[in-house]
1. Order of Thr182, Thr160, Thr129, Thr193 from fewest to most other C-beta atoms within 10 Å?
2. Listing Trp197, Trp63 from the residue with the fewest other Cβ atoms within 10 Å to the one with the most, what is the order?
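Derivation of every value follows stated rules applied to the coordinates shown; laboratory data play no part. All values derive from a computational prediction rather than experimental measurement. Note: ideal-geometry Cβ built from the backbone for every residue, glycine included; neighbour counts use all protein chains shown.
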Amino acid sequence: MKKTPILLSLSILTIYACTCVSAVQFNPGPLDEECLEAGIEEWVECEDFLSGLNDCEPSCEEWQECGDDGCGGECGRCPNAAPFCNDGFCEQVCTPDCDDKECGGDGCGDVCGDCPVAAPFCIEFLCSTEEPDEPESEECVPDCDNRECGPDNCESQCGTCEDGDICVYSPGASECIAEEETSSCEGLCGAFTGSCWCDEACFINDDCCDDVCDFCSEDEAIAKECDEAAAE
């Protein structure tokens, strides 16, 4: 029995279609951002790379409120009332530090300046024509001057407070204060007492201690806020 031309044509078309489909390379989708940043372009290599990332164990100290956990994550997110992370603790105000700095970070996520083409390298916050040397590993020196408790800047602590006390931080210092005494600004202007704030930003965030105007009006910015609040 002879095949009709129509059936023969359909058979050829079916074989051709199957051949085309089998020749097409399957694309599982776009690569993960982590792989692209690492310069990986193949899916198999990307899967191995991501598998290795998953083996990372996050590391966060008990006292850390925020900061990097060593695995691309965070030890905690800072609230809007204290949005800046400094040495593992959330702070209300970030003050840029660009004194005697031509370039480099200002400590608040911005830079103090860009280096010109004639001196494009930033070395110790100064623009230079010479490329920086490979950094040498240096032993960390703890900084516990005026710090009774809290971090020592070397992944350890200057001390811990006894039960019932709270570690209270002020610029460049820390001390243990009884928990029931952590709602007063006396001697703590510009700092967080443990339950409320004694700085200018507390008026914006509505988390000032009740006596901030009694003890901190020597600060002109706070005095202005106190006068405006009294006039309302």
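1. Thr129, Thr160, Thr182, Thr193
2. Exposure proxy ranking, most exposed first: Trp63, Trp197.
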